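The values are calculated or read from the model by the stated rules, or taken from the named source; none is laboratory data. Predicted model only: the values in this text are computed from it and were never measured. A quick note on method: Cβ atoms are made from the backbone with ideal geometry, for glycine too, and the neighbour counts reach across all protein chains shown. Quick note on the areas: whole protein, heavy atoms, side chains included, nothing else; ligands and nucleic acids left out. Shrake-Rupley method; radii C 1.70, N 1.55, O 1.52, S 1.80 Å.
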Amino acid sequence: MNLQPEDFWSFYEWLLRPEAFLESALLQGVVLIVLSIVVGLVFGYVISAARYGPSEGFYAVARAVRDLLRFDLPGTRLRRVMALARLAFKEAIRRKVLFVIGLFVVGLLLAGWFLDPNSSDPARLYISFVLTGTNYLVLALALFISAFSLPSDIESKRIYTIVTKPVRATEIVLGRMLGFIGVGTMILVPMGLVSYVFVTRGLRHTHVEVADVREVGDQLQGETDYVRSHSHEFTVDAEGQGITDVVRGHRHAVVRNADGGFTIGPPEGNLRARIPDYGDVVFYDRRGEEKEVGLNVGDEELSGGFRSSGISRVIGVTRGPKKLEHGYVEGGTLCAAVFTFDDVTPERFPDGIPLDLTIRAFRTHKGDIESTLRGSLALKHPGKDIETNPIVFEVNEYEVDERLLELEREGSDGDETRTLNVFEDLVDEDGRLQVVIRCVDRGQYLGVTKSSVYLRPGESSFRWNLTKAYISIWLQMTMVIAFGVMFSTFLSGPVAMIATAVCVLLGFSAEQIYDTRHYLDEGIDRGGGPIESVVRLLRQDSVTTELDVDALASKVIKTADAGIVYSLDAVATALPNLPKMVSTSEFAASGFDILGALLARHAAATLGYCLLAFLVSYFFLKSREIAA
Amino acid sequence: MANDVTAVAESSPDSQPLTSPPDATTDSGVVIETRNLSKVYRDFWGRRKVNALKSLDIEVRKGEIFGLLGPNGSGKSTTIKLILGLLFPSSGRVLVFDKDASETQKNERIGYLPEESYLYKFLTAEETLDFYGRLFNMSGADRKRRVAELIQMVGLSGAKHRQLREYSKGMTRRVGLAQALINDPDLILLDEPTTGLDPIGTREMKDLILGLRDQGKTVLLCSHQLADVQDVCDRVAILHQGELKELGRVSDLLKVQDVTEVHASGLSDEAKNEIADVIRRHGGEVKSIDNPTATMEDLFLNIVRESEARPGARRVSSHPDEPAPGGHDGDASGDETPGNDSAGA
């Protein structure tokens with residue numbers, strides 16, 4: 001799992017961006033809401049003025065604002081909101097939306113045939129499958145239930161009996177949203193439970209036979225049989241209690257029975273939620289000089305990562321790539337990546353330093369094809385020339401290399417070689433410790449990001465982590481419902497659904513739109529905007545060549561493309577960051593605790609978008625002739 | 001009974017409506033006021049499509065039953081929708097309880113029965129009324145009491161736990177009426193209240209409307225069932241092509257100033273001739289001397305009442321032209337003209 005710089009922000013940093021306020025979520029949210037209100041009022045005025053004249057138009061718009069502040073917001077009553085929510089809930093149930101749960105279960109049963117428990121990382125496969133399946137199913141459901149309800153009530157005129165009661169537009173909007181959120185929740189909870197059972201049962205296996213049992217001292221060592229494409233080696237102590245080694249992310253308890261046989265327990269440790277403690281990383285180049293980024297082995301900096309630049313990117317203040325790709329260190333040179341960790345204390349790490357590595361390998365030549373690339377790690381004092389002897393490791397790109405480093409290690413203190421104690425010799429007075437990563441193989445490269453090397457002070461419960469992943473899905477669902485209800489206040493059901501779906505798709509492809517704008521801004525030939533792309537497709541031209549049409553046509557195409565791309569860019573920036581929210585499932589699938597700050601950010605963003613949708617819905621509903 | 005006659009001659013006293021209205025003019029409170037109210041329907045591009053209502057000026061006063069009358073497309077429903085705030089006026093204003101029609105607060109005192117009973121079919125009658133009670137922010141105890149009262153009143157006690165989808169049109173209409181009354185409104189707007197009701201239901205609806213007026217409520221109804229309007233309304237406005245064509249008390253509008261109507265019973269043919277002579281002698285012109293006919297509604301209601309009193313028995317016709325019972329299979333015929341025993345003024 002590769003985290004981006006923005007993933008490490010605390011909630012406060014994300015909200016305010018103290019050093020780059022133009023990128024702050026708060027500013028973006030406020031601008032978005034204010035802009036929506038201003039555009040809405042201007043739009044409303046133009047329509048009203050066209051129909052009733054300039055002064056009457058102004059009066060109509062002013063009355064809507066006054067009504068909201070003076071009557072409708074203060075007059076909103078929970079009882080009415082809940083009555084409408086219950087109605088929306090009952091209606092959705094009547095439409096047999098619970099059928100979706102059945103569909104999901106059938107989907108899981110079918111998937112049970114196709115998901116391969118023999119794969120190298122079955123836990124990731126299973127978790128990723130259930131979370132992705134749930135996510136898209138629930139979003140589709142949210143789209144359907146939210147977009148059709150209000151238009152159907154208006155079309156069937158059932159809304160007449162509601163709006164002729166003392167029901168505020170605020171209550172209608174809130175009631176719908178809450179009702180559908182209730183429906184979604186009622187569907188999501190059983191889906192979560194079923195998923196949990198599916199994952200745990202899917203991963204459950206046991207080894208029955210043991211082989212090659214031998215006595216080593218007072219212990220017994222042996223090997224289990226080969227089940228699901230793997231076997232374990234195990235050790236049993238004199239009291240008959242033992243454990244296997246970790247293969248494919250799990251181990252089994254082994255008990256020696258009275259009859260001399262062995263009982264091997266269910267898999268343990270394959271469903272995890274590691275809580276990483278990330279440090280700061282700096283790189284050293286071939287000459288040993290400090291750099292902010294590592295070596296670039298290719299296309300690392302060309303695009304991507306504009307997500308959190310917010311307004312500063314739209315108005316062109318922030319340019320260039322923001323995405324953190326891997327920085328590489330070259331083997332056989334002074335290249336190194338040095339991670340500095342804070343708060344390394346004996347209280348947190350009494351038994352050793354738990355250090356995990358997920359490092360990427362990049363071969364410039366075939367080298368020894370039989371073995372993986374090798375790297376080395378060493379613990380180092382941040383201010384002094386004290387460093388442990390390097391620990392050589394083999395790089396396995398797609399697994400987490402979990403280590404517990406002993407507190408006493410051999411190393412060098414200046415010119416002296418001696419046994420170093422981590423806390424006494426390597427941790428400075430501020431509790432900081434450095435970890436130095438180097439590549440051992442000459443001419444080959446190891447790639448790291450800030451999230452590649454981390455301390456692991458503890459673990460969270462997998463169930464809670466899965467719950468957090470579902471909370472993230474719930475938040476996305478809430479957002480889609482809010483948008484669906486918003487569009488349904490002024491569009492017919494199918495059109496409202498399409499509009500919501502377009503928003504979701506634009507949100508999902510925002511990164512590509514940002515990239516396209518980036519290419520336009522920087523004059524990079526990547527096929528241009530939509531019109532240029534079509535022209536290139538028809539002419540079968542390469543994306544990297546100059547557009548081969550006459551100058552005037554080229555100018556027209558590029559100008560039109562710029563208009564389209566810049567508009568799409570603004571719209572995509574205004575839309576929710578759904579890919580980021582969906583990516584939380586990657587945390588759970590990779591066995592990492594979903595960062596609390598990340599979830600809080602998603603929750604705050606959801607709340608913001610719901611507020612926006614609520615206000616827009618209110619004005620549309622208020623200014624709409626229900627019986628027209 | 002066949003001797004009952006109605007004599008119609010020019011220059012007659014008032015013909016009374018079914019009930020006598022209170023003197024609305026003595027109660028000067030204006031509940032609904034439309035001022036120069038116009039509505040133009042436009043298409044998507046804002047082009048004028050139809051002038052649904054043109055400069056309507058009416059006042060509905062407290063405690064009266066006001067009828068909006070007119071053929072289809074005359075602007076009745078548009079007027080009601082404008083009053084309810086479901087549509088916005090193109091020009092002019094609507095005031096309801098001295099508040100602009102667009103203000104939600106006015107709805108606290110309004111009950112509305114739409115033309116069709118637009119209700120949620122998946123709810124039961126009890127749930128429906130409870131739901132609408134909640135929309136009035138009524139407390140649980142109040143809702144429970146009111147729902148029970150209304151279900152009793154509209155005669156749906158036996159079906160209150162059934163979903164509305166299982167209801168007949170008449171039953172749905174009753175639930176619609178009950179929801180319009182859930183808040184004990186001061187003003188009730190009824191859009192085609194008797195649509196879909198059988199004659200008994202129609203009669204009950206009309207009695208209920210009169211009962212509401214007796215409780216001091218104001219009723220605005222729109223209908224193209226002229227008989228209904230005549231039976232219950234104190235004042236009517238007649239609309240045609242969006243324009244107000246006539247406005248006034250029903251009794252005044254229907255009064256034929258130069259025709260006299262005499263209802264009497266037990267007269268012989270000689271007596272009838274003598275009366276005709278008297279009329280001629282006084283310079284009057286005898287238009288007709290005839291036995292009155294009852295309305296189909298009266299006939300139907302009498303049959304039903306009799307059937308309920310004597311289940312299974314077939315009604316015997318007293319009409320000389322009517323075939324004897326059993327003359328044609330299964331056809332409950334009969335033409336005893338009800339009301340023949342009445343002697344009008």
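With N as its number of residues, region A:439-498 has a Cα radius of gyration that, divided by 2.2 N^0.38 Å, comes to 2.15. Only lysines eight or more places from B:LYS62 in sequence, or on another chain, were considered; those with a Cα closer than 18 Å are B:LYS99, B:LYS106, B:LYS217. In this structure region A:18-75 gives 61 Å² per residue of accessible area when probed at 1.4 Å with all protein chains present.
Report, in degrees rounded to the nearest 10, the 0 to 90 angle that the Cα long axis of helix A:99-114 makes with the longest principal axis of chain A. Long axis of A:99-114 versus the principal axis of chain A: about 30 degrees.
Straight-line reach from B:LYS287: taking Cα to Cα under 18 Å and skipping same-chain neighbours fewer than 8 places apart, the aspartates and glutamates in range are B:ASP4, B:GLU10, B:ASP14, B:ASP258, B:GLU261, B:ASP269, B:GLU270, B:GLU274, B:ASP277.
Order the peptides A:172-180, B:57-65 from the highest to the lowest mean number of other Cβ atoms within 10 Å of their residues.
Put in order of decreasing packing, that is A:172-180, B:57-65.
The count of lysine pairs in region A:277-456 whose Cα atoms are under 18 Å apart, excluding pairs fewer than 8 places apart on the same chain, comes to 6. The length gained on full extension between B:SER139 and B:VAL259, counted as 0.36 nm times the residue separation minus their Cα-Cα distance, comes to 37.5 nm. Over all other residues within a Cβ to Cβ distance under 11 Å of A:ARG17, the charged ones net out to -4, with Lys and Arg as +1 and Asp and Glu as -1.
Considering only alpha-carbon pairs that sit under 8 angstrom and 6 or more positions apart, the relative contact order computed for chain A is 18 percent. Probing with 1.4 Å while keeping every protein chain in the model, the per residue accessible area of region B:33-156 equals 40 Å². Hey, how much of the P(r) for region B:213-303 falls beyond 22 Å, as a percent of Cα pairs? Counting every Cα pair in region B:213-303, those more than 22 Å apart make up 54 percent. Taking the chain by itself as reference, region B:165-201 contains these residues with an accessible-area loss of 10 Å² or more in the full protein complex (1.4 Å probe, heavy atoms): B:ARG165, B:GLN179.
For chain A, the longest principal axis of the C-alpha atoms and the axis of helix A:462-488 are separated by about 20°. When the label point is put 7 Å from the Cα of A:VAL255 along its Cα-to-beta-carbon vector, which residues of region A:204-241 have a backbone N closer than 11 Å? What the label zone holds, given the 11 Å backbone N cut-off, is A:241.
Region A:210-268: D in µm²/s via Stokes-Einstein (Kirkwood Rh, Cα pairs, 25 °C, 0.890 mPa s)?
Working: Rh = 11.4 Å.
Stokes-Einstein gives a translational diffusion coefficient of 216 µm²/s.
Using only Cα atoms, what Kirkwood radius does chain A have, in angstroms? It works out to 28.5 Å. Here the peptides A:70-80, B:79-89, A:362-372 are ranked by packing, the mean other Cβ count within 10 Å, and the order with the highest first is B:79-89, A:70-80, A:362-372. Each of A:ILE162, A:LEU98, A:TYR278 was scored by the projection of its Cα onto the charge dipole of chain A, and the greatest displacement toward the positive side belongs to A:ILE162; charges sit on the C-beta of Lys, Arg, Asp and Glu. Across peptide B:77-89, the mean count of Cβ atoms from other chains lying within 10 Å of each residue's own Cβ comes to 4. Note on A:155-163: average number of Cβ atoms from other chains within 10 Å of each residue's Cβ is 6. Remark on B:SER90: its backbone amide H falls under 5 Å from those of B:SER38, B:LYS39, B:VAL40, a criterion applied only to residues 5 or more positions apart or on other chains, H modelled at 1.01 Å from N. Start at zero, step by 5 Å, and the Cα-Cα distances of region A:277-456 spread as 1, 8, 15, 19, 18, 15, 10, 7, 4, 2, 0, 0 percent across the bins. Buried area at the A:B interface is about 3500 square angstrom, summed over both chains, from accessible surfaces computed with a 1.4 angstrom probe. Calculated FRET efficiency, B:HIS161 to A:VAL502, Cβ-Cβ distance, R0 = 41 Å: about 0.40 to the nearest 0.05. Highest mean packing comes first when the peptides A:198-208, A:463-473 are listed by Cβ atoms within 10 Å, giving A:463-473, A:198-208.
Give me the percent of accessible area attributable to carbon and sulfur for chain A, probe 1.4 angstrom. Roughly 59 percent of what the probe reaches on chain A is carbon or sulfur. The mean number of Cβ atoms from other chains found within 10 Å of a Cβ in peptide A:87-99 is 2, as a whole number. A simple count of charges around A:GLU459, restricted to other residues whose Cβ falls under 13 Å of its Cβ and scoring Lys, Arg +1 and Asp, Glu -1, yields -1.
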